[in-house]
Structure formats: C-alpha cells, structure tokens
Amino acid sequence: MTQTQVTLANLRVHQTALVVGLDPHLDPVIAQRLNHLGFTPGTLVHVIRRAPLRDPWIYRIAGYDIALRSTQAQSILIEPSS
C-alpha cells in the first residue's frame with residue numbers, strides 16, 4: 001500500500017466509497033475473511049456510525065451492517081464517492 005491510497009479508515013460517518021481492493025501485504029487469512037464479508041472490488045460501502053470510544057466502526061455493505069476495528073479498515077482500499 002502506498003501513502004497516496006485511501007483506506008476505509010479515512011472515511012467519516014455518512015460517507016460512501018467504492019472498494020477497490022485490499023492491502024497486498026495483508027495476511028491471506030484476514031484477506032479471505034474480508035472478502036467473505038463482502039469487501040470485494042466494486043462493492044459500495046457506507047459508514048454508519050462509530051462506537052463511543054471510536055472503535056469499532058459500523059459499515060453497511062451489501063445490505064447488512066458490519067463492525068470493523070480501525071486496523072482492519074486500514075487494510076481496505078477505497079475510492080471515495082463524491
């Protein structure tokens with residue numbers, strides 16, 4: 001991952017983005033889990049809310065809500081929607 005790439009962790013509440021991929025250095029087991037959860041290229045993801053202590057964050061993807069910690073969200077590469 002380069003410094004210019006934007007990750008899911010960069011979004012704020014109520015923002016939407018398009019998943020473009022996963023960090024290529026990510027552990028393959030974690031990458032497979034994120035893929036199974038729906039974080040695949042071309043999928044829209046919307047930030048719903050964050051926990052009171054800032055972690056985890058709640059995202060809506062493919063019609064369901066999922067909680068991810070910030071460290072996991074940093075592994076998901078996105079293209080923010082305008």
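For V6, which of the numbered conditions (1) among the aliphatic types (A, V, I, L, M); (2) modelled with pLDDT under 95; (3) open to solvent by 80 Å² or more (accessible area, probe 1.4 Å) fails to hold?
Tallying (1) among the aliphatic types (A, V, I, L, M); (2) modelled with pLDDT under 95; (3) open to solvent by 80 Å² or more (accessible area, probe 1.4 Å), V6 fails exactly one: (3).
So the check is Cβ under 9 Å with 6+ separation or different chains; which pairs have a first residue in the range 14-43 that's free of Cβ contacts under 8 Å to residues at least 60 places away in the same chain and a second one that's open to solvent by 40 Å² or more (accessible area, probe 1.4 Å) and aromatic (F, W, Y)?
Going by the 9 Å Cβ cut-off, the qualifying pairs are G38/Y64.
Out of all the residues in the range 19-43, which are surrounded by fewer than 14 Cβ atoms within 10 Å (Cβ to Cβ) and either charged (D, E, K, R) or part of a strand (DSSP E or B) (or both)?
Within the range 19-43, D27, R33 meet the criteria.
In the range 50-66, which residues are within 12 Å of A9 (Cα to Cα) and not in a loop (DSSP other than H, G, I, E, B)?
If the condition is that a residue be within 12 Å of A9 (Cα to Cα) and not in a loop (DSSP other than H, G, I, E, B), then R50, W57, I58, Y59 are the ones that fit.
If you take the residues of the range 56-65 that are of a type in the set (A, V, I, L, M) and farther than 15 Å from L22 by Cβ, which of them is most open to solvent (accessible area, probe 1.4 Å)?
This residue is A62.
The values are calculated or read from the model by the stated rules, or taken from the named source; none is laboratory data. Bear in mind the structure is a predicted one, so any value in this text is a computation, not a measurement. So basically every Cβ, Gly included, is an ideal-geometry build from the backbone, and we count neighbours across all protein chains shown. Surface accessibility is based on the protein's heavy atoms, side chains included, excluding ligands, DNA and RNA. Shrake-Rupley method; radii C 1.70, N 1.55, O 1.52, S 1.80 Å.
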